[in-house]
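Notes to accompany the following structure.
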């Protein structure tokens, strides 16, 4: 059995149901990592064509601008149908075609090709069905990407990332960790504002949650609240579904020493 260190490509790769979802909820982490010199990327599953505002073409231009602000190395869109995401979609076709068409195989192909050390996935509980479906879809793909006989097109060698972090969106999940994004918070908000068709409050036209008058201020308050939980100005919450191991806890806490928090988790 080989014990060689896996070959990685990107340092971090985030998956989002629609363009702008990653920016809204983990743009601070991606901008922070890019500032450290890490290679980062986003894979959007759909083009957001069912959005009440804008068009896919406008959204694509906004995505390109936001990607530059975040300093991404890679941005891809799988073009899956907005509103119809399902973790087992495509499995009704003959097996010989699934490697090319089934969404789980397409996500597994991306994972095997880009080989990220850290993968960011939406948390499993959400108000939007596409968001919950993305969580389950990418989670399944993470498993199958490591299975040697699971086929993708093009074919690549099996792959397992170093760690997976789940990012809560509108659902306030209890975080396993909060990451300090204070230094990159301005970049995060600048990237979000690139999506003017989605986030600018308007009196006329369809009213949406992300485009409501309090949307951006609520996101700011969210990041300030989680930052206060670790004693910094701005933080983003992430959930681990696996037990985190530490080889040297002394060194870990030396490198991650924060001021006393202002808020504490419920001990119940």
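Some points to look at:
- Tally of residues being farther than 22 Å from residue 30 by Cβ and free of Cβ contacts under 8 Å to residues at least 24 places away in the same chain across the stretch 174-201: 2
- Residue that is within 26 Å of residue 156 (Cβ to Cβ), touching a residue at least 12 places away in the same chain (Cβ under 8 Å) and crowded, with 17+ Cβ neighbours inside 10 Å, where the choices are 59, 39: 39
- Selection within the stretch 6-25 - assigned to a loop (DSSP other than H, G, I, E, B) and crowded, with 20+ Cβ neighbours inside 10 Å: 10, 17, 18, 19, 20
- Residue within the stretch 153-163 that is within 20 Å of residue 8 (Cβ to Cβ) and either assigned to a helix (DSSP H, G or I) or touching a helix residue (DSSP H, G or I) at 6+ places or on another chain (Cβ under 6 Å) (or both) present: yes
- When residues of the stretch 157-186 are limited to those that are at pLDDT below 95 and out of contact with any strand residue (DSSP E or B) (no Cβ under 9 Å at 6 or more places or on another chain), the one farthest from residue 220 (Cα to Cα): 171
- Restricting attention to the stretch 39-92 and to residues that are over 26 Å from residue 140 (Cβ atoms) and part of a loop (DSSP other than H, G, I, E, B), the residue that is modelled with the highest pLDDT turns out to be 71.
- Test: residue in the stretch 189-205 that is modelled with pLDDT of 90 or more, closer than 22 Å to residue 8 by Cα, within 17 Å of the chain's Cα centre (by Cα) and buried (at least 16 other Cβ atoms within 10 Å of the Cβ): no
- Look at (1) within 30 Å of residue 61 (Cβ to Cβ); (2) assigned to a helix (DSSP H, G or I); (3) over 18 Å from the mean Cα position of the chain (by Cα) and you find that residue 212 fails only one, number (2).
- Residues in the stretch 67-114 that are in contact with a strand residue (DSSP E or B) (Cβ under 9 Å, 6 or more places away or on another chain) and more than 18 Å from residue 133 (Cα to Cα): 9 in all.
- Conditions (1) surrounded by 17 or more Cβ atoms within 10 Å (Cβ to Cβ); (2) in a loop (DSSP other than H, G, I, E, B): number failed by residue 174: (1)
- Contact map, the stretch 81-92: residues that are touching a residue at least 24 places away in the same chain (Cβ under 8 Å) paired with residues that are surrounded by 14 or more Cβ atoms within 10 Å (Cβ to Cβ) and in a loop (DSSP other than H, G, I, E, B), Cβ distance under 6 Å, separation 6+ or inter-chain. Pairs shown: 82/48; 82/49.
- Filter result for residue 97 (more than 30 Å from residue 193 (Cα to Cα) and part of a loop (DSSP other than H, G, I, E, B)): no
- Residue that is nearest to residue 65 (Cα to Cα) [pool: residues in the stretch 210-225 that are touching a residue at least 24 places away in the same chain (Cβ under 8 Å) and surrounded by fewer than 18 Cβ atoms within 10 Å (Cβ to Cβ)]: 220
- Within the stretch 123-143, the set of residues being surrounded by fewer than 19 Cβ atoms within 10 Å (Cβ to Cβ), out of contact with any strand residue (DSSP E or B) (no Cβ under 8 Å at 6 or more places or on another chain), within 28 Å of residue 100 (Cβ to Cβ) and in contact (Cβ under 8 Å) with a residue 40 or more places away in the chain comprises 128, 129, 136, 140.
- Candidates are the residues of the stretch 93-114 that are at pLDDT 95 or above and out of contact with any helix residue (DSSP H, G or I) (no Cβ under 7 Å at 6 or more places or on another chain); the one that is surrounded by the fewest Cβ atoms within 10 Å (Cβ to Cβ) is 113.
The values are calculated or read from the model by the stated rules, or taken from the named source; none is laboratory data. Quick caveat: nothing in here was measured; it's all calculated off a predicted structure. As a convention, Cβ positions derive from the backbone with ideal geometry for all residues, glycine included, and neighbour counts pool all protein chains shown.
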